[in-house]
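Scroll down for the structure; my scribbles are underneath it.
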Amino acid sequence: MVVEGPGHEGDGPALGASPVITEIEGRPQLVFKTKTMMVGVHPRTGKELWRIPFEVAMDNTIVTPFFVDGVLITSDYDWGIAAWAIQTHDRDWNVRRLWKHRDVAMFMSTPVLAGGLVVGFSHFRRGQLFLLDPKSGRVLWRGKPRSGEHASLISRGDEVLVFTDDGSLIVGKVEDNGFRELETYRLGSSTGWS
């Protein structure tokens, strides 16, 4: 998909980041990262509804746009992490940044929601899990550093599966603003990119 607009003619999709279909204020939207923006478009017509300038150093965003209660959470390499409120006003869409910091950042893994908290894998400190309050942006817990380059996460309720790049599958649970590992399985000896 090519986004057209002032100063952005022909700005194509970024490498790696998957688009998502979501509802914002009850209206469906297709949200994706281009080379220079995060964009929301009408999924049937392709009409651009809103945009956020989002240029990053590596130019290959991999983190999928992530929504918690209608709030967009974005992250990338050295850019950090931020939350955005996207709302309508007089039929126009408005975007307002709620918070942003560089305490954690995600480069290759997309976060999940578990137990009401954002669970992510930051590449800072050579890789570590973290828990973040989606309302304030405050990091509530960090796992051990040097845990790998990336991880894939799946959640259900307050439980999370974490597949790390060394082939380990960690089963854990969000408890009292911390993450408790319940079990670890070794699924292979080669690097895992799933």
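Tabulated values for the structure
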{"quantity": "Spacing of the two label points (7 Å from each Cα toward its C-beta) at Glu159 and Thr184, in nm", "calculated": "2.0 nm"}
{"quantity": "Computed E for Asp176/Arg146 - FRET, C-beta separation, R0 41 angstrom, nearest 0.05", "calculated": "0.95"}
{"quantity": "Prolate/oblate/rounded label for the stretch 124-163 (Cα gyration tensor, a/c 1.5)", "calculated": "oblate"}
{"quantity": "Qualifying trypsin sites (Lys or Arg not before Pro) in the stretch 101-194, DSSP loop, other Cβ atoms within 10 Å at most 15", "calculated": "Arg102, Lys135, Arg138, Arg146"}
{"quantity": "Qualifying lysines (Cα of each under 26 Å from Cα of Lys47; at least 8 residues distant if same chain)", "calculated": "Lys33, Lys35"}
{"quantity": "Cβ-based net charge around Leu169, under 9 Å, with every Lys or Arg adding one and every Asp or Glu removing one", "calculated": "0"}
{"quantity": "Spin-label proximity, Asp133 to the stretch 75-100 - amide N less than 17 Å from point 7 Å beyond Cα toward beta carbon", "calculated": "82-84, 98-100"}
{"quantity": "Set of aspartates and glutamates with alpha-carbon distance to Lys100 below 19 Å, sequence-local pairs under 8 removed", "calculated": "Glu55, Asp69, Asp76, Asp78, Asp133"}
{"quantity": "Apportionment of accessible area to carbon and sulfur, the stretch 40-194, percent (1.4 Å)", "calculated": "45 percent"}
{"quantity": "Kirkwood hydrodynamic radius of the chain, Cα pairs, Å", "calculated": "17.3 Å"}
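The values are calculated or read from the model by the stated rules, or taken from the named source; none is laboratory data. A quick note: this is a predicted structure, and the numbers were derived from the prediction, not measured. We place every Cβ from the backbone using ideal geometry, glycine too, and count neighbours over all the protein chains shown. Please note that ligands, DNA and RNA were not included when accessible areas were found on the heavy atoms of the full protein model with its side chains. Shrake-Rupley method; radii C 1.70, N 1.55, O 1.52, S 1.80 Å.
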